[in-house]
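This report concerns only the one structure given below.
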Amino acid sequence: MPISENQAPETGTARVKRGMAEQLKGGVIMDVVTPEQAKIAEDAGAVAVMALERVPADIRKDGGVARMSDPDMIEGIIEAVSIPVMAKSRIGHFVEAQVLQSLGVDYIDESEVLTPADEVNHSDKFAFTTPFVCGATNLGEALRRIAEGAAMIRSKGEAGTGNVVEAVRHLRQIKNEIARLRGYDNNELYAAAKELRAPYELVKEVSELGKLPVVLFSAGGVATPADAALMRQLGAEGVFVGSGIFKSGDPAKRAAAIVKATTFYDDPKIIADASRNLGEAMVGINCDTLPEAERYANRGW
Amino acid sequence: MSDTPVIGVLALQGDVREHLVALAAADAVARPVRRPEELAEVDGLVIPGGESTTISKLAVLFGLMEPLRARVRDGMPVYGTCAGMIMLADKILDPRSGQETVGGIDMIVRRNAFGRQNESFEAAVAVEGVDGDPVEGVFIRAPWVESVGAAAEVLAEHDGHIVAVRQGTALATSFHPELTGDHRVHALFVDMVRANRTAESL
């Protein structure tokens, strides 16, 4: 018999936090507001669910302050499914994050979709065992979040609009800035770090890797299988779908279709088949008519 | 036939890229596999870490489950990490409704046995057949093996639980060597693929 090594195991390491996101790659993470929705998402092939009280489209409609969800509701969803469960804290609201960690959620999304609790500081994410995902509109923002301990990045897009235009803008921005760094020599990286307002070490790492040191997903506006495949072809390693599924006519069918198109993102025939007869898509919002104050992507810095 | 084995990584979902890198570092030609015709062209296959329910569903949906079972039955070498280990188990203790596996190893696995993400951990693991220092075991919402049949060989345990198993040309680990940069477990698998090719060409 082999000998078992009885060395004390180490939890909450960077490798375990970032590694968890690596396991989600190629997958779809779906917003759900009830245990029933969570089961539909799991049955459709979601790799994880985001437990929240209202999907972003409803947060937009209702207005007011959007906060962390009720622990009962989060626990109900944890009970209902075996896939990982994520939940959102407000930006800088580290006590909400402490509560989410104590509930046993698998990932915390420090999210601009909720009303920020601090207009200067994000939460110190190294202080937690639970890993964090954060939104970013550009490379500097992504690297600042990673410097604070984020183990996964999602491009922000504009949540709750059903309009993919901002998701495309932010992902392209991040990918273009990474490509530009790739061509820089060592002398230029110091100035690049200053310009990006990000730590030099991370800027150098990105320049060497040609990618972020953590997994990059896309979020905010994905409503169709083709939207999901578009984000993957543009370089996202997976997608978050918020309002797009449960604000549509046939959520189970649309959810399964988006999963298929995310895996076979480069096969138009499969995307075409997945797109047939899905019923009503969510009603979208044109982002250029959205007042500045209602743009979630501007939250966080 | 060239000397370098061609090893596929099942690329429906999960940490495919890390396995491709690890296999290339262990001197194999590595390529993603998403379709039956791509499966037919490889000498061996890695089933990566990911979400086992998702991988299982997509395998059924895209007509890969039966070809996978057929090739494993015919002795194609396979290696599964984490979710991949679950896929290679003949039986899951607590399956989600309708969750199918490829099978190939006579073992019963318990999903997420080590706990949720907050309990995910790293620990040194001595693996039979891997010389030198113990490997760095990265366990992420990891399964363990409840019990194995007579034909399966236990290669490693952690804290009294079975975390690595081999049965003939099938290998499975609860942990993720592909996340560590230490390619010895992948090298062990590449050797298994090489040996199988030699045996088949005789």
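Tabulated values for the structure
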read-out: Test: residue in the range B:115-125 that is of a type in the set (A, V, I, L, M), farther than 15 Å from B:THR180 by Cβ and under 19 Å from the mean Cα position of the chain (by Cα); value: no
read-out: Residue that is within 14 Å of another protein chain (Cβ to nearest Cβ), under 23 Å from A:SER123 (Cα atoms) and in contact with a strand residue (DSSP E or B) (Cβ under 8 Å, 6 or more places away or on another chain), where the choices are A:ARG15, A:ARG67; value: A:ARG15
read-out: Helices (runs of 4 or more DSSP H) (entirely within the range A:191-293) containing at least 2 residues that are open to solvent by 40 Å² or more (accessible area, probe 1.4 Å) and at pLDDT 95 or above; value: A:200-209, A:225-233, A:251-263, A:268-275
read-out: Residue list for the range A:95-107, filter: more than 14 Å from A:LYS17 (Cβ to Cβ) and in a loop (DSSP other than H, G, I, E, B); value: A:GLY104
read-out: Those residues of the range B:1-50 which are without any contact (Cβ under 8 Å) to a residue 40 or more places away in the chain and within 11 Å of chain A (Cβ to nearest Cβ), in sequence order; value: B:ALA11, B:VAL16, B:ARG17, B:PRO32, B:ARG34, B:ARG35, B:GLY50
read-out: Failed criterion for A:ARG154 (all others in (1) among the charged types (D, E, K, R); (2) farther than 20 Å from A:ALA66 by Cβ; (3) within 16 Å of the chain's Cα centre (by Cα) hold); value: (2)
read-out: Those residues of the range B:127-151 which are in a strand (DSSP E or B) and open to solvent by 70 Å² or more (accessible area, probe 1.4 Å), in sequence order; value: B:GLU136, B:GLU146
read-out: Residue satisfying all of: in the range A:18-49; outside any helix (DSSP H, G or I) and open to solvent by 20 Å² or more (accessible area, probe 1.4 Å); farthest from the other protein chains (Cβ to nearest Cβ) among these; value: A:VAL33
read-out: Hey, B:THR53 farther than 25 Å from A:LYS269 by Cβ, touching a residue at least 24 places away in the same chain (Cβ under 8 Å) and open to solvent by 10 Å² or more (accessible area, probe 1.4 Å) or not; value: no
read-out: Checking A:GLU110 against (1) surrounded by fewer than 20 Cβ atoms within 10 Å (Cβ to Cβ); (2) outside any helix (DSSP H, G or I); (3) of a type in the set (D, E, K, R), the condition it does not meet; value: (1)
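The values are calculated or read from the model by the stated rules, or taken from the named source; none is laboratory data. These figures come from a predicted structure and were not determined experimentally. Please note: Cβ atoms are built from the backbone with ideal geometry, for glycine as well, and neighbour counts cover all protein chains shown. In case anyone asks, the SASA skips ligands and DNA or RNA and just uses the protein heavy atoms, side chains included. Shrake-Rupley method; radii C 1.70, N 1.55, O 1.52, S 1.80 Å.
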